[in-house]
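Structure record follows, encoded as structure tokens.
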Amino acid sequence: MKKQNKTILAVIYCLCILFLCACAKEQREADDKAQVGVAYYNKSDTFLNQLIDRLKEQFDRLSAKDIEITVTIRDAAGSQRTQDDQVKELLDAGCDVLCVNLVDRADPSEIIDLARERDVPIIFFNREPVAEDMMQWDKLYYVGADARQSGLMQGELAADYIRQNKKADRNKDGKIQYVVLEGEAGHQDAIIRTEHAIAALKSKGIKLEKLSCRIANWNRAQAQNRMMQMISQHKNSIELVLANNDDMALGALDAYKKLNVTEAVLPVFFGIDGTDIGLKAVEEKQLAATVYNDKEGQAAAIAELAVSLVFKKGMDNIQFTKEKYIYLPYFKVTSENVKTFY
Ligand code: BGC
């Protein structure tokens, strides 16, 4: 009887060990998995599309190591309401972290409330929420770039070009007649880029005369259309086009191509982003220069932060500005160094 009891105890002991091992394994496997939800404002945006591609690559890279990352991506097609619903759906599906490119950067409250209820951190990117909204909760982060820097660099590139190419002042009046194509109203990168580009040109001693400024919402077709209007208003007097992004600079160029004007009346065009087509246009000297918006760096920063937040490790290695912001630097791109950006 005594012996039988011992055997039963031994079996129970073994079963307990097996059970604990199984639990530990399950725990380990579960700990190595992360579900990431990505919501972005519009797939028709050239820069965003390329940034999202780089982001997928970054998650794949991290996933190939010893963790398994599942990424679900949703395009809001320009509607904040759609994005709010998509975020709810991503959270209901059990995502552990959200990467959100807001449609309306002034309206993140619904998304923040939904995420906070489930304690899921949010990394906003590219479209920066206002500072008060970023203070709503301590699990909100932002990855992007400093708009002022891109504007200053664009202005410096334009000033250097004008100094080196006296022909840029086509009517030789000692001033550069310019127009601006601006991004979406209310976007942190729009007005700030314009203001700083102009400030840099002026501080480098270039005399300017502003002819017009039109909003073209980051969009090539809209920029072409606005440029047509400005050309019909100012005829051949436009010497410089400053665009808040490459797509709009290329749209401006499209307008001139459509009008089939001679090279002698073409202004010089400057963009920002260094998208694939933007870089190609710089290489072919259709755009005089652009400023590289480091999508690879931003994608890597988003993915690494997301993984650190889910697995609660590695946060000490991340360099934050004001504890929640990561800003990647811009770079100047001319036909001389463009090849290094491919
Ligand atoms: C880019 C634009 C893009 C916009 C979208 C900006 O930083 O320069 O090309 O359309 O972000 O939010």
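The values are calculated or read from the model by the stated rules, or taken from the named source; none is laboratory data. Given the structure is predicted, the values throughout are model-derived calculations rather than measurements. Cβ atoms come from the backbone with ideal geometry, glycine included; neighbour counts cover every protein chain shown.
Annotations
- Taken together, Leu266, Leu253, Leu279, Leu211 contain a single residue that is modelled with pLDDT of 95 or more, surrounded by fewer than 24 Cβ atoms within 10 Å (Cβ to Cβ) and more than 18 Å from Tyr178 (Cα to Cα), which is Leu279.
- Tallying residues that are touching a residue at least 40 places away in the same chain (Cβ under 8 Å) and within 16 Å of the ligand (Cβ to nearest atom) within the range 261-270 yields 1.
- Helices (runs of 4 or more DSSP H) contained entirely in the range 165-260, each with at least 2 residues that are away from the ligand (no atom under 16 Å from the Cβ) and of a type in the set (S, T, N, Q): 220-234
- Residue within the range 136-159 that is away from the ligand (no atom under 16 Å from the Cβ) and β-branched (Val, Ile, Thr) present: no
- The range 35-50 residues that are near the ligand (Cβ under 7 Å from one of its atoms), paired with ones that are modelled with pLDDT of 95 or more (beta carbon under 6 Å, 6 or more apart): Tyr41/Ala76; Tyr41/Asn101; Tyr41/Val103; Thr46/Asp247; Thr46/Thr275; Phe47/Asp273; Phe47/Thr275; Leu48/Tyr40
- Filter pass, Ala158 being in a loop (DSSP other than H, G, I, E, B), closer than 23 Å to Met228 by Cβ and small (Gly, Ala, Ser): no
- Residue count for the range 288-305 under the criterion of being assigned to a strand (DSSP E or B) and either among the hydrophobic types (A, V, I, L, M, F, W, C) or on the phi > 0 side of the Ramachandran plot (or both): the result is 2.
- Highlighted here are the strands (runs of 3 or more DSSP E) found entirely within the range 59-155 that include at least 2 residues which are of a type in the set (D, E, K, R) and surrounded by fewer than 21 Cβ atoms within 10 Å (Cβ to Cβ): 68-75.
- Within the range 280-293, the set of residues being within 16 Å of Thr46 (Cα to Cα), touching a strand residue (DSSP E or B) at 6+ places or on another chain (Cβ under 7 Å) and either aromatic (Phe, Trp, Tyr) or away from the ligand (no atom under 11 Å from the Cβ) (or both) comprises just one member, Tyr292.
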